[in-house]
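Working notes for the structure below.
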Amino acid sequence: MARRRISCSLAYCALSVLAAMTGCQRQDDSALASVRAELEQLAADVKRLDKMVTTASRPNEPAVQPAVAQVKDESAKSAAEPTKMAEELAQVKKELGEMKTQWNEMREKWEASTEELVKLRKAVSLLVVSGGQPSAEGSQPRLTGPRRILPPPIDAVAAGKKAIELYDENKDGKLSGAELDKCPGLKAALARVDPSGAGEVTAAMITKRIQAWQASHLGRMAFACWVTRNGQPLKDAVVTFVPEKFLGDQMQTATGMTSEPGRAMISVPVSGSEPQGLPPGFYRVEITKPGDSIPAKYNSETIFGQEVAIDVGMMQPPTFDLEY
């Protein structure tokens with residue numbers, strides 16, 4: 001009995017404990033469910049954040065790939081830019097080199113043509129003044145016609161000194177500015193007398209130029225010019241080429257009269273079958289017209305001058321325009 005009572009007591013205790021445990025279990029289940037729900041929510045948030053991080057760190061994702069591709073393309077272009085510029089610069093240098101070569105070739109041809117033209121003019125002038133014909137070899141004219149006309153016997157050294165003596169007002173041994181205005185024939189030839197372009201002429205320069213005329217062996221050459229008044233042809237005007245005084249007394253004055261178009265052929269006095277023309281020299285150009293009061297600056301105090309020489313461009317005759 002006692003044993004049964006003890007068993008019952010134990011059973012009762014066990015039941016009590018079980019009941020108590022059952023109650024606790026129910027309370028724990030409720031708390032556990034709450035915790036579980038929170039954990040599930042937290043897991044969901046972690047999963048969502050993990051997805052965002054994964055998406056941002058993966059460049060192959062569609063949303064990020066275009067931007068990444070653009071950055072790569074720009075980087076490639078920037079890296080290739082110096083190479084491209086170097087290639088373009090090399091091409092430009094190559095083209096400039098080719099242009100320089102072509103220009104040099106053209107210059108050489110032009111210089112050769114100029115030399116041939118000077119030789120041709122000299123040969124033609126010799127034929128004109130000598131009345132000769134080309135020799136069998138065709139290299140020099142055969143002087144079988146009228147006597148050959150030689151250049152005037154100008155003393156080149158004395159002429160240079162005389163020019164300085166006559167016009168060098170400030171006594172600096174050279175002519176420039178207003179001093180050259182007083183000898184327009186020399187002023188007209190300034191570019192050939194003073195190739196440096198300094199605008200100053202010395203006695204030695206004048207001497208050298210006269211010696212160049214004499215070296216051409218040209219005694220007389222045909223010469224024409226145009227005369228206009230305010231741009232319109234001036235008919236029946238008398239054009240006189242007066243040698244500059246410092247050239248000496250061996251030089252002759254040459255004249256001509258303008259035609260309807262204003263053109264005049266200038267020549268020294270000739271006789272018989274002598275060809276017309278005038279010798280190389282520095283000339284003052286004076287223009288007058290009967291019945292017309294042409295200002296003195298075009299005749300007695302002329303501003304016009306002209307050099308006559310074989311290397312002076314005669315293919316285009318000079319024009320003297322009178323403005324009055």
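The values are calculated or read from the model by the stated rules, or taken from the named source; none is laboratory data. Because the structure is predicted, anything quoted here is derived from the model rather than measured. Every residue, glycine as well, gets a Cβ built from its backbone with ideal geometry; the counts of neighbours run over all protein chains shown. These area figures cover heavy atoms from the full protein model, side chains too; ligands, DNA and RNA do not enter into them. Shrake-Rupley method; radii C 1.70, N 1.55, O 1.52, S 1.80 Å.
Mind listing which trypsin sites (Lys or Arg not before Pro) in region 207-285 are in a DSSP loop and have 15 or fewer other Cβ atoms within 10 Å? Before the final figure, lay out each step's value.
Details: sites: K208, R209, R220, R229, K235, K245, R263, R284; in loops: R220, K235.
Passing both the DSSP loop test and the Cβ count: K235.
Under the classification rounded if a/c is under 1.5, otherwise prolate if a/b is larger than b/c and oblate if not, where does region 172-324 fall, given a ≥ b ≥ c as square roots of the Cα gyration tensor eigenvalues? Write down the numbers at each step before the final one.
Values: a/c = 1.91, a/b = 1.28, b/c = 1.50.
Taking the square roots of the gyration eigenvalues as a ≥ b ≥ c, region 172-324 is oblate.
With all protein chains present, calculate the accessible area of W103 using a 1.4 Å probe and round the result to the nearest 10 Å².
Rounded to the nearest 10, the figure is 140 Å².
Taking K and R as +1 and D and E as -1, what net charge do the other residues with C-beta under 10 Å from the C-beta of R229 add up to?
So the environment of R229 carries a net charge of -1.
Can you tell me how much longer the chain between L117 and D181 gets when fully stretched, taken as 0.36 nm per residue apart minus their C-alpha distance, in nm with one decimal? Don't skip to the end; give the middle numbers.
On the way: separation 64, 0.36 × 64 = 23.04 nm, distance 3.20 nm.
Additional length available on full extension: 19.8 nm.
Calculate, in nm to one decimal, what Q316 and A33 gain on full extension: separation in residues at 0.36 nm each, minus their alpha carbon distance.
On the way: separation 283, 0.36 × 283 = 101.88 nm, distance 11.87 nm.
Extending this stretch completely gives an extra 90.0 nm.
Accessible area, 1.4 Å probe, largest first: how do T114, T258 sort?
Working: T114 55, T258 5 Å².
Result of the area sort, largest leading: T114, T258.
Nearest 0.05, what FRET efficiency do N170 and A224 give at R0 = 30 Å with Cβ-Cβ as r?
0.20
Can you give the accessible area of M205, probe radius 1.4 Å, in Å² rounded to 10?
Ignoring ligands and nucleic acids, M205 comes out at about 60 Å².
For region 180-324, with only Lys/Arg (+1) and Asp/Glu (-1) charged at the beta-carbon, what is the dipole magnitude about the Cα centre, in debye rounded to 20?
With Lys and Arg at +1 and Asp and Glu at -1, about 120 debye.
Distance check, please: which entries in K208/K289; K161/K289; K182/K208; K162/K235; K162/K182 exceed 25 angstrom between their Cα atoms?
Long pairs (Cα-Cα over 25 Å): K208/K289; K161/K289; K162/K235.
Please give the solvent-accessible surface of D236 in Å², to the nearest 10, using a probe radius of 1.4 Å with every protein chain present.
Roughly 70 Å² of D236 is accessible to a 1.4 Å probe.
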